[in-house]
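Since the structure comes first, as structure tokens, the remarks are kept for the end.
Coordinate-derived values only; no laboratory data. Worth saying up front: this structure is predicted, and the values here are computed from it rather than measured. As a convention, Cβ positions derive from the backbone with ideal geometry for all residues, glycine included, and neighbour counts pool all protein chains shown.
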Amino acid sequence: MLISALDDFMKKESAAGALLVMAAALAIAVANSPMADLYTGLLGLPISVTVGDLAINKPMVLWINDGLMAWFFLLIGLEIKREVIEGELSTRQKATLPIAAALGGMIGPALIYIGVNGDDAATMRGWAIPTATDIAFALGVIALLGKRVPASLKVFLTALAIIDDLGAIIIIAIFYTADLSGVALAVAAFAIAILVALNRFGVRRTDIYIGIGIILWVAVLKSGVHATLAGVVTAFAIPLARDATRFSPLEHMEHKLHGWVTYFILPLFAFANAGVSLGAANMTALTSPITQGIGLGLFVGKQIGVMAAVGLCLMLGIAQRPTGANLLQIYGVAILTGIGFTMSLFIGDLAFTDTALITLVKLGVLSGSLASAAVGYLILHYAGRPST
């Protein structure tokens, strides 16, 4: 059952990767067409929701990034919890290699970005942008290769990317938090206490968790902590345990969310955030420290960090090579982890507010991700079928 669930997860993520590419391409095409002003104006359209004295006023792009993406983070939280309890992160033997690889894959890009931007305190806010891996995009590339990539490497990449997402969540919580509101934090803490109590008392109705989760989202939004983290906290509270009919609230919610996130939320996010005018891609923009730091961090830093961690684990004998995979194939997967896209763009919007700097972020993310996808695909294609 676990294997079929993982296989279904990979298929959906692969489909999401294809849709992300199409949505991003459409955004770039529109941003460089006569409809560019309409595109920009639509994303900047102010939308207000007011309930009594409580008001939330945001442009459309932030309703997408702060609101809809909370559902994406809810799904990520569900996946992390399932993998930790009974999946590829449930034992030390299974978890050692992907955890080490994910840590190396976050440290390497951050060091490269810092090395390029270390002299400028303003641009240093973007140090975390190249640390993320886009699991949907990466698995989409893997899907194009079919049986040339052993199943063990697909599992390894999935586990690595899930840990990477957890790392990104922690980074957002610690380093991208604005001025805090004590009252809002108190409301958020109360909502979290209710979620914990619901879990401890064995409540299995997912709609109750979602209701409290929405209250938590509003409180976190007003607190200064990024609102999408409410999705992760809510996910961790939803029970995984199955009843006599094999029903699991967590698996039920994961199944219901996956389609919406895959086929609607992530493509919409890509369309809203990937649109960049190629007229800005002049020599100044392409050689800027932000663009280079992100691009090199994703393409160079990721592969160095992942391979260094994998090599160290294998040398020390604390982890085993994925079954049927040779080192060249592992290297190809390490390069694919440099596909940042969704989470990198998301962190970029948190790091910078200036439109010109966000354009540099998009150029860096797109160049680094495309280079990683192309080179990773070629290496895995020519690495041959897995040895047995």
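For the reader, a short list of remarks on this structure follows.
- Segments 100-112, 163-175, 184-196, 242-254 sorted - mean Cβ within 10 Å per residue, highest first: 100-112, 163-175, 184-196, 242-254
- Label-point gap, in nm, between Tyr382 and Lys256 - each point 7 angstrom along Cα→Cβ: 4.9
- In Hz, Karplus ³J(HN,Hα) per residue of the range 210-217 (6.51, -1.76, 1.60; θ = phi - 60°; x = Gly, Pro): 5, x, 5, x, 5, 4, 4, 4
- Between Val196 and Asp53, the modelled labels are 2.8 nm apart [label points 7 Å from Cα along Cα→Cβ].
- Per-residue HN-Hα couplings for the range 161-172 [Karplus 6.51, -1.76, 1.60; θ = phi - 60°; Hz; x = Gly/Pro]: 5, 5, 5, 4, 4, 4, x, 5, 4, 5, 4, 4
- Above-threshold pairs, the threshold being 31 Å between Cα atoms, out of Lys81/Lys222; Lys147/Lys362; Lys94/Lys222; Lys58/Lys302; Lys58/Lys154; Lys81/Lys154: Lys147/Lys362; Lys94/Lys222; Lys58/Lys302; Lys58/Lys154
- Residues Thr96 and Asn32, FRET efficiency given R0 of 41 Å [Cβ-Cβ distance, rounded to 0.05]: 0.35
- Relative contact order of the range 13-382, pairs being alpha-carbon contacts under 8 Å that are 6 or more residues apart, as %: 30
- Rounded FRET efficiency, nearest 0.05, which uses the C-beta distance separating Asn326 from Leu240 and R0 of 30 Å: 0.30
- ³J(HN,Hα) computed for each position of the range 356-365 - Karplus, 6.51 cos²θ - 1.76 cosθ + 1.60, integer Hz, glycine/proline x: 5, 5, 5, 4, 5, 4, 4, 4, x, 5
- Summarising the amide proton neighbourhood of Ile339: residues at separation of 5 or more, or on other chains, whose placed amide H is nearer than 5 Å comprise Asp134.
- Neighbour counts of other Cβ atoms within 10 Å put Val233, Val365 in the fewest-to-most order Val233, Val365.
- Charges were assigned to the Cβ only: +1 to each Lys and Arg, -1 to each Asp and Glu. The resulting dipole of the chain about its Cα centre is roughly 960 debye.
- Each of [x] 17.8; [y] 21.9; [z] 19.9 is a candidate for mean projected area of the Cα convex hull in nm²; the one calculated from this structure is [z].
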